Structures are given as structure tokens and as C-alpha cells.
Amino acid sequence: MIGSVLGWLLDPEHWRSTPFDTGIWAQLGAHVGFTLIALAIAVLLALPAGLVIGHTGRGSWLVSAANAVRALPTVGVLVLLVVVISPHFYGRTNAGFLIPTEIVLVVLAVPPILSNAYAGVQNVPPQVRDAAFGMGMTGPQVLGRVELPNALPLIFSGFRSAMLQVIATATIASYVTLGGLGRFIYDGLAQKDYPQMIGGAVLVAALALISDLLVALVQRYAVSRGVSRRFRTDTGPDSRTAVLVEEDVR
Amino acid sequence: MIRFDAATKRYPDGTVAVDQLTLEAPSGAITVLVGPSGCGKTTSLRMVNRMIEPTSGTVWLDDTDTASLPAHELRRRIGYVIQNAGLFPHRTVLDNVATVPLLLGEDRRRARASALELVERVGLDPALAKRYPAQLSGGQQQRVGVARALAADPPVMLMDEPFSAVDPVVREQLQDEFLRLQGELGKTIVFVTHDIDEAIKLGDQVAVLRVGGTLAQLATPAELLARPIDAFVAGFVGRDRGYRALAFAHGRNLPVREEPTVAVGSSHPGSAAGLAGWILAVDAERRPQGWLPTADELDETVTDSRLHRGGTLATQGGALRSALDACLSSPSGRGVVVDDDGRLLGSVTAREVLELIEERER
């Protein structure tokens, strides 16, 4: 079995597109595309909202509401939205399927980003916030120069969990006729071509791992060492324990 | 000059934190607000930079009504030091110190250069400038907190229990350096503490507040010890008031007598003959090291481990309290007096110090 999955993955024919068949590269591109669009919209919506709610302490019901939305069954919502939305689009556009898919993915990505941005700001020690105001920072300056940099570890961890979920769930785009790596899973299942199905799943997992690694790298440079406690001398806990600590906070 | 004019803070639930406080903190002096918890001392302090807005009354900063400026502009003119320092964890020591100059629009390079000077000025190793707060001890963080408050050279500083979170030894160092720094800078300081000893040590004037936020007594430390206005203040100022007041009485003319010595490391302290009980051991610079029992074998080398180190040192011109303490703590009964460089001048006895105390006008 492992051999045939590897065989499917390593066959260069499967990676190239032909006039009749879309190859792995193209589907990978589509998958990354769905993911990026969903994450970009989710970040634009949830990050500012989470930061402002954390800063002002007002509207925290929004965070709870967003978390409650997590309980919605994704496929069910997708099918419902397709039924409602796709009749409004005719012809050669696939917007009738793309819009429902992105809505579903954004709904998945918003809660972790929102609640972590909120928690990150709330977790800034009160005496630090007090000092920031006491030094004469305005409210937006306190948020941008003090609360945001200190909330970054939690914001990143929220973003990373949103990203993993979106990459995994973007496979359902194929369920409503779109492309993406899910194509191999659904086609493999339908054709009882199990190497193709498992190969598709392996590709999704690999994409998730590599993306997470890339973001972890960005995080390493974006977060101040004073916050991540990654010091050259060993005066603080090392980065591995720091990651565990972050997860606990959440 | 900071002037509270009937400043009052009443919370919506009816609690009165500060009640009609009228108080003037003169320019260039340290005014300490002290009192038990719930006396509104921190609330009063925070009304100056409007971290808390007074419900009624006015707080004046020189001739400016503090309510007439936008809060953030007011705060940039006032140095602010808080308990546990409240340093920004994501910024290096240097950037923490440069905070207010940067807010005021100074360019980064210049702000950092002057921040580095300040880091040294508050007694920190400049090598720490690149570190983050989490890499510093509590005492070091507190020094950075003071440097940060000083960075824009504000004429006025507010200090909210800045030294209460560090251990007693470090606290005393920080207090001494704070007084040295204030000697150089002459800021107008309002300092909050719950520790009456700290208030007495640091204050040019001390305001004792009582629970409910009213002023019980405003006086110099010596006056507060000598003449507490009522039972509450007397109780709060505490025991040993007479003895503690000696800290403000100076013995400029201690009748110092010459004291025979042996050198640490020498083998034959011959001059010890005839002295009862103890002989003072000094190092090569004539700094007192401890007392050697004369009953010991005199031809043995005088080593550190044989010395009795219980005695404290008094300085010529210092407070009578430390002169008396030097006598009381010395095993020989002779209090050791040194000059400003720590070199031996001689000794006095408790009886002589007491005579000075009795002579001084009450």
C-alpha cells in the first residue's frame, strides 16, 4: 500500500497538467489559493476586532459568539450556501461555488484568530499597560506599541491553528466541483483508486506542515526576544517551553 | 510645585478614596505620602498625572490646572515610576528608557544615546542596555524604571511604591542611590509608600494620610517623630520614635579618642597590653575590620576569622543615631568612628554620645 501511494506521488505524470487532467502542481496552487484568500479575509476581519475588543474590554460577547460558530457542521453549511448562492451566478464563472467555500473557510478561521488576539491583549500585564498610559501614550499608541507586540505570540498561535484548519478543510472545495488537493481525495474515493486518495491526503498534510514551519520562522523574527524569552544566555525558559506555555494560556 | 486643592475622588458606589485633600509639594523637594492601605495615597498620586481623574477639586502643576491639558501631553511632562517597574517586556532596556523622548518626537539615535547615559547614571552596567527586562533582577528593573521616568528630564516625578517589591538589602541600596540622584537633580517628587521608615528616610516632608483619604499630618520627618499630632499618627509612626529621631540629629563634634590598633595579617600585636578585653584590627589602609579579643594568644597571626564583626561604624559628622549604635554594638563598648573614606578616626563611648544628645536643644 505504502509502495503504491509513493508510486502515485513520485510519478512525474501526476504532477503535470494535461488537456484532460489537472496535475498536482495546479491543484496545489488552487489549494494554496483558497487558503490564502480565506486567511487574508479572516485576518482582516478578526485581528483588528480582537485587538480592539481586548484593548477596550468592550464587546467580548463577540468573541464568545465567534467561538460558538465553531460548532457548525462545515459540509452542511457549505451545501446550504451553495444551494442559496450558486443560482445567482450563470455561465463560465465558478463564483457560485467559490464564494460559499470561502465563506465556510473564513468562518472556520475567524474564531481562533479573534479569540487569540483578544486573549493576547488581555494578557498583557496590567502594570505594563498602566506604565504605557503613564508614560503619555495615547490609546492607539498603547495598543500598537505595547499591547500588540506583547500579544504577538498568542496572535501567531491563533493564526497557525486557523491556517492548519483552513488547509485541512479546503479539501471540501472539491466536494462542490472546485479544484484543490481535495480533488484527489474525492476522485480517488469515487474511482476506488486508493493510492490517489491517500496520496492526496498526504499532500494536504505535507502542505500543512510546511506552511506551519514557514509561519513559525516568520514568528521567530517578528516576536521580540524579550517576549518569546529566547535569550542567548539561559536566563529564561527555552523556546520549546515557551511554546507550551503559550498553548496553555489559550 | 504640585498643589492639591480640595482634590476629592469619589467612586460611583459611594466610596470616597480621597477626601478634600489640600497639600503642596514644593519644588525640588521630596514629598512622601504615607499611610495604611485604603488611605488613598496611590489614588492621590495618580490624580496628579490623571491616571485617575479627580471627582472634584483641582491639582495644579506650577500654574497649570492639570485638567486643562490632554492627559497624554500632561503625562509626558511628568516622570512616573511604578511598583514592579512595569517595564515593556518587548523592548530592550535602552528602548524602555527612550520611551518618552521618542513619544515627544526626538530622533531615535539621539534618544538612545541619552538613554545610555541615564542607564549609567542610575548605577547600571551599560552592558545591560541591550538586555530585555526579563533578563534583569528586580532591583535592576526598578533602576531602569527610574531611568525611564527621568529620560525626558521632567521637572516633576511621581513614584508609586517603587522600592517595595525588592528585598531589604537591595531596597536600602536603591534608596541611598535615589537620594544621591535627587541631590544631583533636585526634582519635585511625590513619593508613595506604606513603609513609614522609608518615608522618614526619603522625605523632605511627609504627609500621613488616614483611611478615608484625609490628611492627618504634614511635617518634616524629624517633626513627625518628635510631635505626632494625634494617636493615629503616633501609632502609625511607631515605636522607638525617640531613638529614630536621632537619625536627624547630627554629631558634628564627636569627642573622638585615639584607638590603639593591630593590623590584620601582623603576628604580634604588642601594643595590646593593658587594654581590657578587645583591640581593634585594621587593614593596610587603616579601615576598621573588627575586634580581636586580647585574651587570645597574642603572638598568633591576626586573621579575619578571629575577628568579632558585630560593631557598626559611625562617621564623623554623621547622625547621632549611628554614633550611639556604633557604641552599643561594639563588643568593647567603644564605638568606632571613621572619616568619609572609611578610615579610622578613633572611638567614642555611649556615655559621651548621650552627653551630646542631652546637650542638643530639644
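Select from the stretch B:31-58 the residues that are surrounded by 23 or more Cβ atoms within 10 Å (Cβ to Cβ) and touching a helix residue (DSSP H, G or I) at 6+ places or on another chain (Cβ under 7 Å) and write down the one among them that is nearest to B:GLY212 (Cα to Cα). In this case the residue turns out to be B:GLY35. Of the helices (runs of 4 or more DSSP H) contained entirely in the stretch A:1-85, those carrying at least 3 residues that are closer than 30 Å to A:TYR194 by Cβ and in contact with a Gly (Cβ under 9 Å, 6 or more places away or on another chain) fall at A:2-10, A:12-15, A:24-56. When A:ARG92 is tested against (1) within 13 Å of chain B (Cβ to nearest Cβ); (2) at negative phi, exactly one condition is not met: (1). Take the residues of the stretch B:85-105 that are more than 10 Å from chain A (Cβ to nearest Cβ) and among the aliphatic types (A, V, I, L, M): which is farthest from A:ARG129 (Cα to Cα)? Ranking the candidates gives B:LEU94 first. For the stretch B:53-82, the set of residues classified as at the interface with chain A (Cβ under 7 Å from one of its Cβ atoms) and part of a loop (DSSP other than H, G, I, E, B) consists of B:ILE82 only. Just one residue in the set B:ALA85, B:ALA127, B:ALA111 is on the phi > 0 side of the Ramachandran plot and either at pLDDT below 95 or not in a loop (DSSP other than H, G, I, E, B) (or both); that residue is B:ALA85.
Criterion applied to B:LEU69, B:LEU102 was being within 16 Å of A:GLY136 (Cα to Cα) and surrounded by fewer than 17 Cβ atoms within 10 Å (Cβ to Cβ), and the one residue passing it is B:LEU69. Filtering the stretch A:114-133 for residues that are in contact with a strand residue (DSSP E or B) (Cβ under 7 Å, 6 or more places away or on another chain) and within 14 Å of another protein chain (Cβ to nearest Cβ) leaves an empty set. In the stretch A:134-146, which residues are free of Cβ contacts under 8 Å to residues at least 60 places away in the same chain and facing another protein chain (nearest Cβ under 10 Å)? Correct list: A:GLY134, A:MET135, A:GLY136, A:MET137, A:THR138, A:GLN141, A:ARG145, A:VAL146. Comparison of A:MET163, A:MET197 shows that the only residue that is crowded, with 22+ Cβ neighbours inside 10 Å and out of contact with any Cys (no Cβ under 9 Å at 6 or more places or on another chain) is A:MET163. Applying the criterion of at least 1 residues that are modelled with pLDDT of 90 or more and more than 14 Å from chain B (Cβ to nearest Cβ) to the helices (runs of 4 or more DSSP H) found wholly in the stretch A:166-250 leaves A:182-190, A:194-222. If you take the residues in the stretch B:215-257 that are among the β-branched types (Val, Ile, Thr) and surrounded by 16 or more Cβ atoms within 10 Å (Cβ to Cβ), which one is farthest from B:ALA350 (Cα to Cα)? Only one residue fits best here, namely B:VAL233. Listed by position, the strands (runs of 3 or more DSSP E) contained in the stretch B:172-245 that have at least 2 residues being of a type in the set (Val, Ile, Thr) are B:188-193, B:205-210.
I'd like to know if the stretch A:147-156 contains one or more residues that are part of a helix (DSSP H, G or I) and away from chain B (no Cβ under 14 Å). Within the stretch A:147-156 (the criterion being part of a helix (DSSP H, G or I) and away from chain B (no Cβ under 14 Å)), the answer is no, since none of the residues qualifies.
The values are calculated or read from the model by the stated rules, or taken from the named source; none is laboratory data. As the structure is a computational prediction, the values presented were derived from the model and not from experiment. All Cβ positions, glycine included, derive from the backbone under ideal geometry; neighbour counts span all protein chains shown.
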